[in-house]
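The values are calculated or read from the model by the stated rules, or taken from the named source; none is laboratory data. Model, not experiment: these values are computed from the prediction. Methodologically, a virtual Cβ is constructed for each residue, glycine included, from the backbone with ideal geometry; neighbour enumeration extends over all protein chains shown.
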There are 2 protein chains.
Amino acid sequence: MATESFKEKIKGVGGNASYEAKARIFREQLEAKIPASLRLPPALLEDPPLNVTHIPETCGLLTPQELAITELDATAVCQKIAGGELTAVEAVTAFGKRAAIAHQLTACLMDFFLDEGIKQAQQLDEYFRNEGKVIGPLHGLPISIKGMLPINGTVGSAGFLATIETSTEDCDMIRILRSLGAVFYVKTNQPQSLMHLESKSTYGRVLNPHNTNLTAGGSSGGESALVAMKGSCIGVGTDGGGSIRCPCAHCGIYGFRPSCRTTPLHGVLWYQPGQDGFYSSAGPMCRSARDMRLFLEAVLGANPALLDPDAFPIPLQVPDLSKRKLRVGIMMHDGVVMPHPPMIRALKMAKAKLEASSEVEVVDYTTYDHDRGYSIVREIYYEDGGATVRRILTESGEEMLPLTEWVISPPHVRDHDATQVWKLRDKRDAFRREYSDHWWSQNVDVVLCPPFPGTASRHDTAKYWGYTAIWNLLDYPGTVFPSGFVADPTIDVYQESLSPASAADEYNISLYEPAIFKGAPVSLQIVSRIFNDGLVLAAQEVIERILKS
Amino acid sequence: MATESFKEKIKGVGGNASYEAKARIFREQLEAKIPASLRLPPALLEDPPLNVTHIPETCGLLTPQELAITELDATAVCQKIAGGELTAVEAVTAFGKRAAIAHQLTACLMDFFLDEGIKQAQQLDEYFRNEGKVIGPLHGLPISIKGMLPINGTVGSAGFLATIETSTEDCDMIRILRSLGAVFYVKTNQPQSLMHLESKSTYGRVLNPHNTNLTAGGSSGGESALVAMKGSCIGVGTDGGGSIRCPCAHCGIYGFRPSCRTTPLHGVLWYQPGQDGFYSSAGPMCRSARDMRLFLEAVLGANPALLDPDAFPIPLQVPDLSKRKLRVGIMMHDGVVMPHPPMIRALKMAKAKLEASSEVEVVDYTTYDHDRGYSIVREIYYEDGGATVRRILTESGEEMLPLTEWVISPPHVRDHDATQVWKLRDKRDAFRREYSDHWWSQNVDVVLCPPFPGTASRHDTAKYWGYTAIWNLLDYPGTVFPSGFVADPTIDVYQESLSPASAADEYNISLYEPAIFKGAPVSLQIVSRIFNDGLVLAAQEVIERILKS
């Protein structure tokens, strides 16, 4: 690892000769789209620093105005455009240029089409000039989009080379965002299989901008790296096991996983179509809490259920928490895998601050059989025993990554017939019911918990999804946000000798070496019971304010 | 048929010696619960008239006061109890006594526990006397309950002898109704497998009170027969393929199938637990349109989603249609099976009346590939190829009824592995999406259509579910209500020689002999797009008023 070159670190998934021939074409097509004027010096790319977040500011490829624009969050961008202080063209140009730089340092993109974005922006600017008003609440906002969400005319995929396509239609999410005034300019990278909490694909391995020896998380890891690099102020990810929350946590940004089927998902690329044992959910990844709300209010306000008979017309209700005491359960761990020291430090800080506040009531949250829930959801992910994944890889000669092998292998995963599928889903439903009863017994509004057993992990090691996937099984909406802490090797050390709580815990303990994680953001997660999306939004604002006061 | 004795007609499912021994016990337990004071004369039961609806009034077992109470609809019962004009004990006693009579003529019950109901009612009356107010919107209302919905301490089943139980817990629906003040006194009969549009079980074959040579429909056929006999003013059924709408239509009462998972379903007995390819939906079966609304407003007002994480907190919104013109699509047939003459007559009457009204705009509704949709839903019902049904029957020695054999047999039904389950569900989702696009292209608020290809069918012949099951696949909420017409052999004859539209149509044509259906109620169905439950309720009121003006 220490001697691995940057080029080696960032490179994509390999395969047999036939695969490599196709992969080369896809990679060259992407590289050709990055203009020469936005290329970083080869010397820099030979051996960049581990923390690459400041390179866009120092490389000299962006003007001061462009740098200033890319510091804005989405709400500010929308406000400035609506106020006539900024044009849509200026916004997408600044973020687009910065995205090109970000990509060279983190492999965060799978398509780049700034020219298209500028054309859209020109039309919006013209509309604004002629009509004197915005076309919708996201007028002129550049939004980056995860690879699996098709935008007409751009590259998308379901996580394998064999599924790479130039899309011929917008998915519902894009149709809606477009109607609200959004501008598109990049598609972002994601992992083989879409089912890793890391992001290595044909297009490269996405690196964490804060420390390129660590993953940016996954599966929406291209998004998180891009947003952390400020190559986007807001992006759209999807989350079926942690794929919004994990990468946001790892990159120190904000992310929200809505209750399933409230935000539009129709038309998203997936290699197990009809697999309805679990759903993923599309949501925002961004740099401020208010941007999550901006996104959700705009998208849900467009009533996705009118397009999609499988979406639920459940209104977003954000309660006013100033009139009552918020009850916050604190879950220090899930009883299966113990968090690493930096996460423990952040949780203790949070608990102390919340206990000292008169605005909230703190409850020690008792978990309910998370190990069982995690086993159920792992089994549901691949009811065919992973046969579809193996077939796709074999047919195209794409090598199977270790994390893909891991996610489709026993003991969690096995083949099912129809009766076994039903039995499995019955176990799921029973767990959900039991957990709901348990939730009410705890008398909490929300639970504050780790989003992951630690900070961003080293590449190819992210094998415990329990802190996010349990909430997917339950479909409890959740948000992650930066605690304000980063991992500090001088204080984040194990205080005592450890007896592992489980095999997964033993593995997790083995991964921790303080020096490796230096500077990695430590993030926290807030969840609430299914469909309490508005409560999660409101609680996050209160909790973050207290934590950072 | 002509010479079949009444005893023969009403008798239950048979089986081998071991089955018969158990069946006898269950039947005797039920019979023993009907008090001697409520038994009809054996001579009457030897050869009752085909239309038995008037026997409760003429048999002399009910007082004039009891007869008057049983004429009330649920709304009136609630109002009178809340107004102090009627006690809960009087209400449940009257309906309970009439239910006992109804059962002897139609085999509509699987459990009878009037004494328990009276005890509940006494407590409610005491509460009312002491507190001077009702406990909830359904205070004192006797509600009959379909067999598959467990009430603690009463008999329930999932449609086979092997699944008969004395329940030890209330299901969610019962918990909620109980909290709203409802009183329980009977569980109603349902068919083997729960998947017939008729209702013959171990406990007997449910007969249509208007004509006992016809079925009361199914699978909530015990409910429809009981409500039509006025042994209940309102009952709860479930509908996964037509099981509320078909029996209500056949018995000339009102029924509503809500969008799935809005009304509580948790805890209902089912022999394919975890089979989540389709859901059934629980709803009211009653004698007035306003009672459907009473029920839905009360149940949804109790927020079932707080108990059940699999229920959707989608509020019931009943629009005010006085301010706009309702757009009613008329679907004369589904392109697959043509309705019998009485149904055609009712549809033509409805169309003419609606066209003449200034309140609505009539549109000729174009169907969209109902044959494909029907094939998909038939395949989804038994993804295991019917293996579970065969196993249950074999293990208990229960004979397989012809309609059970039919519903689990090829070509529609076959075994699936996990990948095939996904493919099937993907076909389902694609159809739902296409249909949604089609629906919007039609620019209608609701569609008026047949609920069945004719009136109630003769026993063992109900083999086309397309007019209801298509809406289950789409999850479009629907209601049925009596057109005011009954089949009239003197006018309901085929006007021309027919060329069948399909094999199913050929079979359906073969079933029609005008004389057989004489006096059978002709009902109509109104549906709207998923989650438009409130619109269906509002539209039904407008349409029925116009049709009956």
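When region B:286-310 is examined, which residues are found to be surrounded by 19 or more Cβ atoms within 10 Å (Cβ to Cβ), farther than 30 Å from A:T419 by Cα and touching a Ser or Thr at 6+ places or on another chain (Cβ under 6 Å)?
Result: B:D291, B:L294, B:V299.
Being more than 19 Å from B:E90 (Cα to Cα), over 21 Å from the mean Cα position of the chain (by Cα), among the hydroxyl-bearing types (S, T, Y) and assigned to a helix (DSSP H, G or I), is that true of even one residue in region B:164-187?
Yes, there is a match, as at least one residue in region B:164-187 is more than 19 Å from B:E90 (Cα to Cα), over 21 Å from the mean Cα position of the chain (by Cα), among the hydroxyl-bearing types (S, T, Y) and assigned to a helix (DSSP H, G or I).
Take the residues in region A:251-268 that are assigned to a loop (DSSP other than H, G, I, E, B) and within 20 Å of A:S232 (Cβ to Cβ); name whichever of them is farthest from the other protein chains (Cβ to nearest Cβ).
A:G252
Looking at the structure I just gave you, is B:G221 touching a helix residue (DSSP H, G or I) at 6+ places or on another chain (Cβ under 6 Å) and under 22 Å from B:D475 (Cβ atoms)?
Taking the combined requirement at face value, the residue does not satisfy it.
Listed residues A:V227, A:V236; which is under 21 Å from A:V92 (Cα atoms) and in a strand (DSSP E or B)?
Only one candidate qualifies: A:V236.
Just checking, does region B:375-391 include any residue being surrounded by fewer than 21 Cβ atoms within 10 Å (Cβ to Cβ), away from chain A (no Cβ under 14 Å) and over 30 Å from A:H266 (Cα atoms)?
no
Looking at A:N443, A:N472 in this structure, which one is at positive phi and either out of contact with any Phe, Trp or Tyr (no Cβ under 9 Å at 6 or more places or on another chain) or not aromatic (F, W, Y) (or both)?
None of the other options fit; the residue is A:N443.
Which residue, of B:I145, B:I151, B:I135, is touching a residue at least 60 places away in the same chain (Cβ under 8 Å) and under 29 Å from the mean Cα position of the chain (by Cα)?
Answer to the check: B:I145.
Kindly indicate whether any position in region B:136-150 is on the phi > 0 side of the Ramachandran plot, surrounded by fewer than 19 Cβ atoms within 10 Å (Cβ to Cβ) and either in the same structural domain as B:K200 (by TED's automatic domain parsing) or modelled with pLDDT of 95 or more (or both).
No, region B:136-150 has no match at all.
Of everything in region B:269-307, what is of a type in the set (A, V, I, L, M), within 16 Å of B:L194 (Cβ to Cβ) and either within 12 Å of another protein chain (Cβ to nearest Cβ) or without any contact (Cβ under 8 Å) to a residue 60 or more places away in the chain (or both)? Give them in sequence order.
none
Before we move on, is B:A249 at pLDDT 95 or above, assigned by TED's automatic domain parsing to the domain that holds B:K80 and either of a type in the set (D, E, K, R) or farther than 21 Å from B:S167 by Cα (or both)?
For B:A249, the condition - at pLDDT 95 or above, assigned by TED's automatic domain parsing to the domain that holds B:K80 and either of a type in the set (D, E, K, R) or farther than 21 Å from B:S167 by Cα (or both) - is met.
Among the residues of region A:36-60, which ones are loosely packed, with under 11 Cβ neighbours inside 10 Å and polar (S, T, N, Q)?
A:S37, A:T58
Are there any pairs with C-beta distances below 7 angstrom linking a residue in region A:452-472 that is closer than 18 Å to A:D334 by Cα to a residue that is among the basic types (K, R) and modelled with pLDDT of 95 or more, with the two at least 6 apart or on different chains, and if so which?
A:T468/A:R245
Is it the case, given these coordinates, that A:P56 is within 30 Å of A:E71 (Cα to Cα), in contact (Cβ under 8 Å) with a residue 12 or more places away in the chain and in contact with a Gly (Cβ under 8 Å, 6 or more places away or on another chain)?
Yes, satisfied.
Per-residue answers, yes or no, for (1) farther than 19 Å from A:F295 by Cβ; (2) touching an Asp or Glu at 6+ places or on another chain (Cβ under 8 Å); (3) of a type outside the set (S, T, N, Q):
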{"position": "A:T461", "(1), (2), (3)": "yes, no, no"}
{"position": "A:A469", "(1), (2), (3)": "yes, no, yes"}
{"position": "A:G478", "(1), (2), (3)": "no, no, yes"}
{"position": "A:P482", "(1), (2), (3)": "no, no, yes"}
{"position": "A:V486", "(1), (2), (3)": "yes, no, yes"}
{"position": "A:A504", "(1), (2), (3)": "yes, no, yes"}
{"position": "A:S528", "(1), (2), (3)": "no, yes, no"}
{"position": "A:V536", "(1), (2), (3)": "no, no, yes"}
{"position": "A:E541", "(1), (2), (3)": "no, no, yes"}
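Okay, residues lined up against (1) buried (at least 16 other Cβ atoms within 10 Å of the Cβ); (2) in the same structural domain as A:S259 (by TED's automatic domain parsing); (3) in contact with a Lys or Arg (Cβ under 8 Å, 6 or more places away or on another chain):
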position	(1), (2), (3)
A:A469	yes, no, yes
A:G478	yes, no, yes
A:S483	yes, no, no
A:S497	no, no, no
A:E513	no, no, no
A:I516	yes, no, yes
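Taking region B:310-341 as the search range and keeping residues that are of a type in the set (V, I, T) and in contact with a Lys or Arg (Cβ under 8 Å, 6 or more places away or on another chain), which one is nearest to the other protein chains (Cβ to nearest Cβ)?
Per the stated criteria, the residue is B:V318.
May I ask you to list the residues in region B:508-541 that are within 14 Å of chain A (Cβ to nearest Cβ), assigned to a loop (DSSP other than H, G, I, E, B) and under 20 Å from B:P482 (Cα atoms)?
Of everything in region B:508-541, just one residue is within 14 Å of chain A (Cβ to nearest Cβ), assigned to a loop (DSSP other than H, G, I, E, B) and under 20 Å from B:P482 (Cα atoms), namely B:S528.
Can you tell me which condition B:A352 does not meet? The list is (1) of a type in the set (A, V, I, L, M, F, W, C); (2) over 30 Å from B:G274 (Cα atoms); (3) not assigned by TED's automatic domain parsing to the domain that holds B:E506, and all the others hold.
Status for B:A352: all satisfied but (3).
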